[in-house]
Each structure stands twice: as structure tokens, then as C-alpha cells.
Amino acid sequence: MNLPFIKQEKHFSLESLESYDDHKLVASFYSPKTNLKGFVAIHRGGLTRPAFGATRIWHYDSEEEALQDSLKLSKTMTYKLAMAQLKYGGAKAVIISPNLKAKEKQILLRSYGNWLNYLAGHLITGADVGIDPKDLEILASEYKGIVGRTTDAVKFTSLGVFYSIELTLKELYGSEDIAGKRFSIQGVGKVGLELLKMLDSQAEKIYISDIDRGRLNMVRKQFPNVEITSPKEIHKQKVDIFSPCALSNAINRNNVSSLGCKAIVGSANSQLEGHETGEVLNRIGILYAPDYIVNAGGVIAVVDEYENPRYSEKRILDKVKNIKETLRVVFAASKSQNKATNITADEQAEKVFNKIV
Ligand code: NAD
């Protein structure tokens, strides 16, 4: 396959990519005038009912890396929606961004929002990494299927991560208490920062890292007790919970043996480099809370926004609280079957979505 802007130094076929998994639609977009370049991947759903998946803006090193990320993340969305009992298929859009000034970003967003109309409503999208609430307004002025404007997805994602941390602590120590526990947070962006706010008053110790210096300075002022570590060292800290809240592949073949935590519970999508990484975690006794169960709060909130004309905090909260029970069931099944938690979660999700999307 020759995508229009793929550099031709390396040939590959879409089907050969690990996360291709028979995607229903993979589309590229390109507009040199507006700096717009990227992919939309729809893994399941999208015809009888729309597929859900947020849009990410990131400075990928290559088009292939961006394409791989869109495929992996959209597949994960299908699993996430299934485990959250939401009857939609998963999708993801990634925009490959050079460093843009504010005005250039607005032009890019308009151009992307306009292009989305080619999908004729089959994709409902919102904010992921690199997109903030005012960006959503620009997108919404061009495309109808934008969610997360009246619901605070970040708030519910962060809450879901917090509930998952409580459940994981209970699994480890028999008590949900945050007091006296040690945490490390990779990435103090939208979700990482909210999580930090929830943990700070009770935790014994919190380490954080980010690649954005400005962000770190802002956090240091608000939370003088947190310890800032280098992005290369964050996973090594001796903590109860390591919380990846940045990008994909936080746990990979290069760092899995140097993890210093007892458990991993974070918001980042596609935290494991591959299935085998989860199996290694299982072997070395680190409890992994599957990312797509933990971070479903945001999609639960935006699906609720899509389905209901009126906002109800209680309705959303009830669904987000259910994340704890979903995680408990996965931990129990994984223990009784002696399987890695990521494998158990995948098996349970596949049973659900193979029936519905
Ligand atoms: P964000 O862009 O606001 O924050 C990401 C942060 O990670 C940024 O501050 C960035 O500088 C930092 N970062 C990037 N690479 C890093 C590295 N190598 N080490 C340390 N920090 C690094 O994004 P967000 O909305 O907070 O999302 C965080 C993660 O959670 C993403 O993986 C996202 O897909 C996932 N997620 C978010 C939501 C949501 O509601 N926003 C929902 C579900 C999942």
C-alpha cells in the first residue's frame, strides 16, 4: 500500500502491522497548506452506530509510527468500550504535528475538522493528548461529531484511575487506604495533574516526571512536596503504584526489568508494548491494572453526553464507579486461572464485543 505521504525509503503493507487486526477503516489525511497530516483508524463499529475515539496531536518521528499508534489505540478503544459495557466500536485519530504556533494550530484544527466530514458521522471524536477544550470548540465549528464539550472527560478519567488505584491497593494490602503509600506519576498533563491533586493530601510520597519543563515548574509551585525525577528514572522509583499518564508503550522490553513498583495503574492508553510485556509483569509479581479498564471514565462520560440531551453527574458517576467492579472481576479471574491480567481482560472484552460490534 502506498499512502500519499509515506516516505518511500521503507515499504510495508498495512495488513502486516501488528495492530491491523482487520480494521474496518484506515484513512489518511494530508493538506500541506495547513500542515495537516495523519490517520483515522476505525477498528470496529462505525456503520450501524458510530465508532468512538479521541484525536491525538503528537510529534511522531515517522508516518509509520503514527499509523501504528492509531491502529493500536483504536483497537484498544474497542476493548475499552466493551469492558465499560458501551455498545460502540473503537476508533482513534492521530495528527502528526510539527511544533506549531497558536495561530497555525487553529488553522490545522479547522482543516482537520473540515476533513472529518468525509467520514459522514461514522466517527465521534474528542480530546486526547495535544488537544484542549478550546481546540474542541474549533473542531466543533467544522464537524458535528465532537464530544467532551459539555462533559469534563478528564475529570471522570482521573476519577476512574483513582478508584482503580484504591481497588488495586485493596488487592495488594487488603485496604484501599492511600495514606502511607508511595506513588509515581509519569506525565503531569491533564489527567496526571488531576490524579496528583487527588493523591497529594494523603500519600506518603509522590514522584513525578514530565518532558515539558514549563509544566513541571507549574506543578512544583502547586505541590512543593512532590519529587521531580527524570523521565528516564520515573519507572525505577520504589513505590506501591506507578501511574503512567503520558503516551503509549510506557512499559516495554527495555524497562520492564527495572520497574520499582508493586503495581501499575495509570491513564495512558496502550501502556504495554505487547502482550508478552504483561506476561513478564505477571511472572515478576507486578500487578498490572489493564489500562483500558482503568481509564474508561472519559469515554463513559462522552458516550453519556452523546446519548443524553441533559447532563447528569450522578448518572456518569454511577457508571464510572463500576470500573472498580470490572477490575475486581479481572483480578480474580486472572488469579484463579494463573494468567496475566492483560490477557484475562482481553479475553473478557473479546467475548463482549464479538457479540455486539
Ligand atoms: P496531556 O497531553 O494533557 O498530558 C500528557 C503529558 O505527558 C504531557 O504533559 C506531556 O508533556 C507528558 N509526556 C509526554 N511524554 C512523556 C514522557 N516520556 N515522560 C513523561 N511525560 C511525558 O494528555 P492527557 O489527556 O492527560 O492524557 C494522558 C494519557 O491518558 C494519554 O495516554 C491519553 O491517551 C490517556 N487518556 C486520557 C483521557 C482523557 O480524558 N484525557 C482518557 C483516557 C485516556
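The values are calculated or read from the model by the stated rules, or taken from the named source; none is laboratory data. Here the structure is a predicted model, which is why all the values come from computation and not from measurement. Counting neighbours? That spans all protein chains shown, and the Cβs are built from the backbone with ideal geometry, glycine included. Accessible surface is based on the protein model in full, side chains and every heavy atom, while ligands, DNA and RNA are left aside. Shrake-Rupley method; radii C 1.70, N 1.55, O 1.52, S 1.80 Å.
Okay, residues lined up against (1) among the aliphatic types (A, V, I, L, M); (2) open to solvent by 50 Å² or more (accessible area, probe 1.4 Å):
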{"residue": "Val147", "(1), (2)": "yes, no"}
{"residue": "Thr151", "(1), (2)": "no, no"}
{"residue": "Gly189", "(1), (2)": "no, no"}
{"residue": "Glu194", "(1), (2)": "no, yes"}
{"residue": "Glu204", "(1), (2)": "no, yes"}
{"residue": "Lys232", "(1), (2)": "no, yes"}
{"residue": "Ala246", "(1), (2)": "yes, no"}
Exercise. Does any residue of the stretch 96-112 turn out to be among the hydrophobic types (A, V, I, L, M, F, W, C), under 23 Å from Tyr292 (Cα atoms) and away from the ligand (no atom under 11 Å from the Cβ)?
Worked result: no
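Please find, among Gly187, Gly192, Gly148, the residue that is within 13 Å of the ligand (Cβ to nearest atom), under 20 Å from Cys261 (Cα atoms), in contact with a strand residue (DSSP E or B) (Cβ under 6 Å, 6 or more places away or on another chain) and at pLDDT 95 or above.
On the way: Gly187 fails: in contact with a strand residue (DSSP E or B) (Cβ under 6 Å, 6 or more places away or on another chain); Gly148 fails: under 20 Å from Cys261 (Cα atoms).
None of the others qualify; the one that does is Gly192.
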Exercise. What pairs come up if the first residue lies in the stretch 290-313 and is over 16 Å from Tyr88 (Cβ atoms) and more than 13 Å from the ligand (Cβ to nearest atom), the second is among the charged types (D, E, K, R) and open to solvent by 10 Å² or more (accessible area, probe 1.4 Å), and their beta carbons are under 8 Å apart, counting only those six or more places apart or on different chains?
Worked result: Tyr311/Glu305
Seminar exercise, completed: In the stretch 60-104, residues that are of a type in the set (A, V, I, L, M, F, W, C) and without any contact (Cβ under 8 Å) to a residue 40 or more places away in the chain total 2
For this session: Scan the stretch 261-276 for residues that are more than 16 Å from the ligand (Cβ to nearest atom) and touching a strand residue (DSSP E or B) at 6+ places or on another chain (Cβ under 7 Å) and jot them down.
Result: Lys262, Ala263
For this session: Residue by residue through the stretch 231-248, note down the ones that are near the ligand (Cβ under 10 Å from one of its atoms) and part of a loop (DSSP other than H, G, I, E, B).
Result: Pro231, Lys232, Cys245, Ala246, Leu247, Ser248
Exercise. Taking the stretch 115-155, which residues are assigned by TED's automatic domain parsing to the domain that holds Val40 and in a strand (DSSP E or B)?
Worked result: Leu123, Ile124, Thr125, Ala127
Exercise. On the given criteria, is Asp61 within 18 Å of Asn35 (Cβ to Cβ) and at pLDDT below 95?
Worked result: yes
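Within the stretch 156-196, restricting attention to residues that are assigned to a helix (DSSP H, G or I) and acidic (Asp, Glu), which residue is nearest to Lys134 (Cα to Cα)?
So the first thing to find is which residues in the stretch 156-196 are assigned to a helix (DSSP H, G or I), and the list is 156-173, 190-196.
Next, from what is left, pick out any that are acidic (Asp, Glu): 166, 171, 194.
On the way: Glu166: 32, Glu171: 40, Glu194: 19 Å.
By that ranking, first place goes to Glu194.
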Exercise. So Lys87 clears everything in (1) open to solvent by less than 50 Å² (accessible area, probe 1.4 Å); (2) more than 14 Å from the ligand (Cβ to nearest atom); (3) within 29 Å of Ile293 (Cα to Cα) except one condition, right? Which one?
Worked result: (1)
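In the set Val280, Val256, Val294, which member is open to solvent by less than 10 Å² (accessible area, probe 1.4 Å) and at pLDDT 95 or above?
Val294
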